[in-house]
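Below you'll find the structure, written out as structure tokens, and then a few comments.
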Amino acid sequence: MMPIDLPPGFLLGAATSAYQIEGGRDADGKGPSIWDHFSHRRGRIRHGHNGDHACDTYRDFQTDIDIMRQLGLDAYRLSVSWPRVMPEGRGRVNEKGLDYYERLIDALLAAGIAPFVTLFHWDLPLALHRERGGFARREGAEHFADYAAVVVGRLGDRVSHWITLNEPWVYATFGHMAGNHAPGRRNPWAYLRATHHQLLGHGLAAARIKALRPAAQVGISLNLTPAHPATPRAADRQAAALADQMVNRLFLDPLFHGHYPEPYWGKLRLFRPTVRPDDMAIISNSLDFLGVNYYTRARVRHHRLVPLVQLWPETLPAVATEGQVAAGVEYSRMGWEVYPAGLFELLFRLKKEYGNPPVYITENGAAFDDVVTADGRVHDEQRRSYLAQHLAVTGAAARVGVDVRGYFVWSLLDNFEWTYGYNKRFGIVHVDFASQRRTIKDSGLWYGELIRGKRKN
């Protein structure tokens, strides 16, 4: 295995999101989110699971901060629940919600852990969706910027790094076209509007953050996936190029080049939202850093209905679809190929094609079948190997000039894994959801040793 050689000052942390860990569904004035509603609809989540209690960190975050301190984390990426702060999504502010995040961030700082705060990780206020259309309408971008200003106005003196949106491609595609994520829509018009309006919201929010805190560092976290043809056939190569435009360039190009990618954007002419003359100026040049969420590559096959019907199941990290499982290849419990070379490929591409922006790996991890054994431990060697391989290629990218500055393992805790419920465990800390007992897995103990070794060197 390639050695892990990270540059000086490189941050090592872990990540979570509000809906996946907090619980406290309606505690202290929190409003419902689209995921609160969606997860209670019959048949939407495996085994009828929901995030009502999750990891119960709304009631007790100190236990997990103590674990972070034990591991020696440099930084922790968390998200703020929009409906906990603004129950209707606009207008009225719930001060108790802001108080919670203030206490959480103060406790992190007291432990010597830098907070990286995500403003939107898919839990849109339900009222904003029902009454105003959320990001499917242009005003959703403005509501998001208003919300960002409220949070930064309260917490900006303690937080240096802000992430506006997490994986806007997933939110738009799964939530508004495929319908298997909240809010559960199947509408190509809503899909593209949610795409553009999220990017616009990012740009507007970035400007508001900078107006309040000029020294703040503002970024966005994108799920980036190398799209490789499943076979050498010309049709598959063309499909892979189109998939790259749909998943990666649909966001990278407007953020860094000020336009949407062709020919994909042209193919969607019928469904495209209105793009006003100044929109691209707002969206582009709005980043101080880019967050990269990486899990695997995609192996893409041509389908006659691409790009609107059959593309995303094959361009997501769902590579273990029929006809694509390869002998001798390792897969995670999600059915995703373990492919660390893809992370190096992405990072080098950002250097070559997008001006070498400062990059943080804001999510990287894998789900495996973890159990607490008779010795009271979780022996997750597959996860340790996965993390080590990806950290090694991250260091290799830095050595060839990629400006990569930090890495956040997904996730600190086993948590609510969206439509999979609690059955897919990504954490370096095992959670018994019945008792809320935490057990640091072997991968977490290894990660802590890695951090301590980095500091000694």
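The values are calculated or read from the model by the stated rules, or taken from the named source; none is laboratory data. No experiment lies behind these values; they were computed from the predicted model shown. With ideal geometry, Cβ positions are generated from the backbone for all residues, glycine too; neighbour counts draw on all protein chains shown.
Here is a yes/no grid of residues against (1) surrounded by fewer than 20 Cβ atoms within 10 Å (Cβ to Cβ); (2) among the basic types (Lys, Arg); (3) at pLDDT 95 or above; (4) farther than 24 Å from ILE34 by Cβ:
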| residue | (1), (2), (3), (4) |
| --- | --- |
| ALA398 | yes, no, yes, yes |
| GLY401 | yes, no, yes, yes |
| VAL404 | no, no, yes, yes |
| VAL409 | no, no, yes, yes |
| TYR420 | yes, no, yes, no |
| LYS441 | no, yes, yes, yes |
| GLY444 | no, no, yes, yes |
| ILE451 | yes, no, yes, yes |
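Collect the residues in the stretch 156-188 that are out of contact with any strand residue (DSSP E or B) (no Cβ under 7 Å at 6 or more places or on another chain), within 21 Å of LEU290 (Cα to Cα) and not in a loop (DSSP other than H, G, I, E, B), keeping them in residue-number order.
Matches in the stretch 156-188: PRO168, TYR171, ALA172, THR173.
Condition (residue is farther than 26 Å from LEU346 by Cα and more than 18 Å from the chain's Cα centre (by Cα)) applied to the stretch 221-228: is it met by at least one residue?
No, there is no match, as no residue in the stretch 221-228 is farther than 26 Å from LEU346 by Cα and more than 18 Å from the chain's Cα centre (by Cα).
Note down all Cβ pairs under 7 Å where the first residue falls in the stretch 77-95 and is closer than 14 Å to GLY153 by Cα and at pLDDT below 95, the second is buried (at least 23 other Cβ atoms within 10 Å of the Cβ) and not aliphatic (A, V, I, L, M), and they're at least six residues apart or on different chains.
As it stands, the answer is none, since no pair meets every condition given.
Being buried (at least 19 other Cβ atoms within 10 Å of the Cβ) and not hydrophobic (A, V, I, L, M, F, W, C): is that true of THR373 here?
For THR373, the condition - buried (at least 19 other Cβ atoms within 10 Å of the Cβ) and not hydrophobic (A, V, I, L, M, F, W, C) - is not met.
Go through the stretch 345-367 and give me each residue that's assigned to a loop (DSSP other than H, G, I, E, B), of a type in the set (A, V, I, L, M) and in contact with a helix residue (DSSP H, G or I) (Cβ under 7 Å, 6 or more places away or on another chain).
Just the residues of the stretch 345-367 that are assigned to a loop (DSSP other than H, G, I, E, B), to begin with: 354-358, 365-367.
From what is left, the residues that are of a type in the set (A, V, I, L, M) are 366-367.
Result: ALA366, single match.
Could you list, in sequence order, the residues of the stretch 400-451 that are without any contact (Cβ under 8 Å) to a residue 12 or more places away in the chain and more than 16 Å from ILE67 (Cβ to Cβ)?
The one that is without any contact (Cβ under 8 Å) to a residue 12 or more places away in the chain and more than 16 Å from ILE67 (Cβ to Cβ): ALA434.
Within the stretch 227-243, is even one residue among the hydrophobic types (A, V, I, L, M, F, W, C) and closer than 16 Å to SER160 by Cα?
no
Report the residue count in the stretch 408-457 for those that are under 18 Å from LEU391 (Cβ atoms) and within 16 Å of the chain's Cα centre (by Cα).
Going through the stretch 408-457 one residue at a time, the tally reaches 7.
Tell me the residue from ARG77, ARG59 that is under 18 Å from LEU104 (Cβ atoms), of a type in the set (D, E, K, R), within 19 Å of the chain's Cα centre (by Cα) and not in a helix (DSSP H, G or I), please. Full working, then the answer.
Numbers: ARG59 fails: within 19 Å of the chain's Cα centre (by Cα).
One residue alone meets the criteria, ARG77.
Has the stretch 121-135 got any residue that is in a strand (DSSP E or B), under 20 Å from the mean Cα position of the chain (by Cα) and farther than 21 Å from GLY219 by Cα?
Yes, some residue in the stretch 121-135 is in a strand (DSSP E or B), under 20 Å from the mean Cα position of the chain (by Cα) and farther than 21 Å from GLY219 by Cα.
Count, please, the residues in the stretch 2-42 that happen to be more than 16 Å from TRP82 (Cβ to Cβ), charged (D, E, K, R) and in contact with a helix residue (DSSP H, G or I) (Cβ under 9 Å, 6 or more places away or on another chain).
Residues flagged as more than 16 Å from TRP82 (Cβ to Cβ), charged (D, E, K, R) and in contact with a helix residue (DSSP H, G or I) (Cβ under 9 Å, 6 or more places away or on another chain) within the stretch 2-42 amount to 2.
Report yes if ASP60 is within 23 Å of VAL152 (Cα to Cα) and surrounded by fewer than 18 Cβ atoms within 10 Å (Cβ to Cβ), otherwise no. So that I can check it myself, show each step before the final result.
Numbers: within 23 Å of VAL152 (Cα to Cα): no; surrounded by fewer than 18 Cβ atoms within 10 Å (Cβ to Cβ): yes.
Here the answer is no, as ASP60 does not meet what is asked.
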